[in-house]
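Engineer: Could you have a look at this structure, given as structure tokens, before my questions?
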């Protein structure tokens, strides 16, 4: 940790190259991939928000009381959307 | 599991707000359980064997594992996803907080005469560990934004962040610690309690609830969280005295408290500030008083992989002192401030929200010592347990 008041506060033992020129963490060799992951996650969030709106409309159209288990539906959504990130034998399908 | 705050400042969420927050909590749950499990598998299957092949020995510590993991796709995916999830914690609640400024102002006016107090010090120079970084990637940190905004963002942000594991009032740490202390030391009845680095006072309240006769003071350097915390406490009928004050320069007389407490605070301080805090804590404790800190377990008491896993926050979550703190020995920190070795205590307590108070009482009664070196200690994931340590003042 430096005493320079203008310097960013960083761990003294941070390995070289783990932050980009913008000061943000870098995880992939190609910096654009870090941004792409963030974009995909944002997009997944927007899709989920629309999913909940559709669920609400469908429930109302059927005249049903709102009794959906949104947490369970979201968990399933996460597993489907982000399955490619899992270790190959750890996806719900692979695990049976 | 989604939870809703218990007090009147809890935000009124539109269906879209609720869906967005639910997504972020679910994303964190996925990252911290599923991708974290994959991270361990990647280490065991690929990274550790490759390290042994090249070095002729296993990694000695978390730092070596960190360097070795950097190029593994499981680490890259986990980390990129976790950083984005953390940013979304705050971005999902900020619009709601901004929308409800007027509501909070009116509530603050309504409860202004309630029990408790707020003392702000506009001469206090807020330190760089709060102003120079977005702590936990929270824009503006604890001291940014308008009025009480930072407090409101932190409160509702913690709801999203904690995935229900901190309870509806975000007080699971304080409740668990207080339950442990009262079960373990039934004759200890603190009359004066100080919570240092309290932010919005969410873990100060359980001490007042546990020891209603006690006078409870809570300090922090950031005015917005204190102002919010004061209203939050009054709304719940708890008399807490909030002060804008630095933990390493306590404006309290010698021997004025029976309990000095902190939660998840030490890792946000520089090594020098942390040492001064311990000295100050001892100074303000009365003989027979207890200094108690809830924190992440130290690296010396966990295996290298757990150390690597927990220290991730130091590098990627704007918590630059996190690993430096975890590299220190908690007992040595106490001894360095003048506490006696035989007066040192440490323990791991199950989350009261998960296991219930009876589990804590049974653990104490049976003299069970839960292991520090566990995947559930200090980690916000299923089955979380909290690590505590401190010392008695002679």
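Engineer: With a cut-off of 18 Å, note down the residues of segment B:109-153 whose backbone N falls inside the zone around a label point 7 Å from the Cα of residue B:272 toward its beta carbon.
Structural biologist: Answer for segment B:109-153: B:125-133.
Engineer: Neighbouring Cβ atoms within 10 Å as the yardstick, rank A:10, B:326, B:274, A:53 fewest first. All intermediate terms of the calculation are to be shown ahead of the outcome.
Structural biologist: On the way: A:10 17, B:326 25, B:274 22, A:53 13.
Starting with the residue having the fewest Cβ neighbours, the order is A:53, A:10, B:274, B:326.
Engineer: Still on this model: Rounded to the nearest 0.05, what FRET efficiency is calculated for residue B:213 and residue B:125 with R0 set to 51 Å and r the Cβ-Cβ distance? Present the calculation step by step, with values, prior to reporting the outcome.
Structural biologist: Values: r = 36 Å, r/R0 = 0.70.
Efficiency, from the Cβ-Cβ distance: 0.90.
Engineer: From Cα pairs below 8 angstrom and at least 6 apart in sequence, can you work out the relative contact order of chain A, rounded to a whole percent? Can you show the working numbers first?
Structural biologist: Working: 28 pairs, mean separation 9.9, N = 96.
Averaging sequence separation for qualifying contacts and normalising by length gives 10 percent for chain A.
Engineer: Calculate, for residue B:101 and residue B:61, the FRET efficiency according to 1/(1 + (r/R0)^6) with r their C-beta to C-beta distance and R0 56 Å; round to the nearest 0.05. Don't skip to the end; give the middle numbers.
Structural biologist: Working: r = 47 Å, r/R0 = 0.83.
Working from the Cβ atoms, E equals 0.75.
Engineer: Could I ask something else about it? Could you check the simple spin-label distance between residue B:371 and residue A:62, using points 7 Å along Cα→Cβ, in nm with one decimal?
Structural biologist: That separation, rounded to one decimal, is 4.6 nm.
Engineer: Between residue B:146 and residue B:394, what is the FRET efficiency for a Förster distance of 30 Å, r being their Cβ-Cβ separation, to the nearest 0.05?
Structural biologist: On the way: r = 47 Å, r/R0 = 1.56.
FRET efficiency, residue B:146 to residue B:394: 0.05.
Engineer: Related question: Which of B:331, B:67, A:60 comes first, and how do the rest follow, when ranked by fewest Cβ neighbours within 10 Å? It would help to have the intermediate numbers written out before the result.
Structural biologist: Working: B:331 17, B:67 14, A:60 11.
Exposure proxy ranking, most exposed first: A:60, B:67, B:331.
Engineer: Right, something else. Can you compute the label reach from residue B:239? Point 7 Å from Cα along the Cβ direction, backbone N cut-off under 18 Å, restricted to segment B:196-217.
Structural biologist: Counting only backbone N, you get B:204-217.
Engineer: Using a basic spin-label model with each label point 7 Å from the Cα along Cα→Cβ, how many nm lie between residue A:69 and residue B:254?
Structural biologist: 6.2
Engineer: Also, I was wondering about something else. For the pair residue B:117 and residue B:357, how long in nm is the line joining their label points, each one 7 Å along Cα→Cβ?
Structural biologist: 3.0
Engineer: Right, next: As a test of the formula, what do you get for the protein assembly as shown when each DSSP H run with n ≥ 4 contributes -39,500 (n - 2.57) and the sum is divided by the residue count, at 222 nm and rounded to the nearest 500 deg cm²/dmol?
Structural biologist: On the way: 19 runs with 220 residues, N = 490.
Using -39500 (n - 2.57) per qualifying helix, the result is -14000 deg cm²/dmol.
Engineer: What is the fewest-to-most order of A:45, B:198 by other Cβ atoms lying within 10 Å of their Cβ? Don't skip to the answer; put the middle values down first.
Structural biologist: Working: A:45 22, B:198 30.
Fewest-to-most Cβ neighbours within 10 Å comes out as A:45, B:198.
The numbers here are math on the coordinates, done by the rules we state, and not lab data. Not measured: the values here are computed from a predicted model. Note that each Cβ is placed from the backbone with ideal geometry, even for glycine, and that neighbours are counted across all protein chains shown.
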